[in-house]
Ligand code: PAF
């Protein structure tokens, strides 16, 4: 695996590649990231990963400084997964001057749910992804469905700017008990880790209620919020939305249940797609 710390090194190494397949990450890699790498491998002629903890997508009170940085084990995992090129720029390389030119995604998608609770988050994400795309110039890029809204935002940005890259979604990788893998799971204490599975259970309960024919979506959402709150969580949202734009669903549209909730000091997100139903 070739490690490029500068844009010049990266472009030099990829100059012969006709179809780089790219997986952007912030490091602290787990099996979910590795599954995305493996998914990317047959899609291109060179597999590229990036590790960059992007300051622009963290709010001032968030965990930018403490975000886990695990360089040696990340490199080992990427090598084992068959990664050809790792792009690991410093902040000076990616943001040599203050990044005042930013991508402002459509507020209809960027200011709801995650964007509502983390204002500016998607500006930071879209800006760094746009910049990483300029550096890597991938023909295909794989993003995890665990960050459902992020994946939708990237697809929308790529469409709107006619970027020559195909965006592929990777299924959420779960622990045996159902907890979606996330770098932030490492913040959980032993007790919190045991409790954390309740988030995916709450989503499953929402899906089951819809499948059972319950049509008062607001009541299903309120129940899910309450069930977590009663267990000591601080839920931001547990909602049922249509998959196409994450707005309130109309009859017959495929749904997705989305959740974000804080357990102790750790904020977890998860989601579950629910098949199209004949009528709401
Ligand atoms: O999903 C992530 O890890 C980050 O948001 C991303 C896409 C690497 C941008 O920093």
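Bear in mind that the values in this text are calculations on the coordinates, not laboratory data. Values in this document were obtained by computation on a predicted structure and should not be read as measured data. As a convention, Cβ positions derive from the backbone with ideal geometry for all residues, glycine included, and neighbour counts pool all protein chains shown.
Observations on the model:
- Least to most buried among 158, 239, 136 (fewest other Cβ within 10 Å first): 158, 239, 136
- Applying 1/(1 + (r/R0)^6) with r as the Cβ-Cβ distance of residue 15 and residue 211 and R0 = 51 angstrom yields a FRET efficiency of 0.50.
- In the chain, the longest principal axis of the Cα atoms and the axis of helix 217-230 are about 80 degrees apart.
- With the convex hull of its Cα atoms as the shape, segment 64-109 has an orientation-averaged projected area of 5.7 nm².
- Prolate/oblate/rounded call for segment 31-181, Cα gyration tensor, a/c under 1.5 rounded: rounded
- Relative to the longest principal axis of the Cα atoms of the chain, the long axis of helix 198-211 makes an angle of roughly 60 degrees.
- Computed FRET value (nearest 0.05) for residue 219 with residue 108, which takes r as the C-beta separation and R₀ as 30 Å: 0.70
- Compared with the direct C-alpha span, the chain from residue 2 to residue 184 gains 62.8 nm at full extension, assuming 0.36 nm per residue.
- Within the chain, DSSP assigns beta bridges of which about 50% are antiparallel (rounded to the nearest 5).
- Segment 28-99 and segment 148-224 have Cα centres separated by 21 Å.
- Computed label-point distance, nm, for sites residue 162 and residue 275 using a 7 Å Cα→Cβ extension: 3.9 nm
- Between helix 121-136 and the chain there is an angle of about 30 degrees, using the helix long axis and the longest principal axis of the Cα atoms.
- Sites residue 201 and residue 101, calculated FRET efficiency, Cβ-Cβ separation with R0 35 Å, nearest 0.05: 0.20
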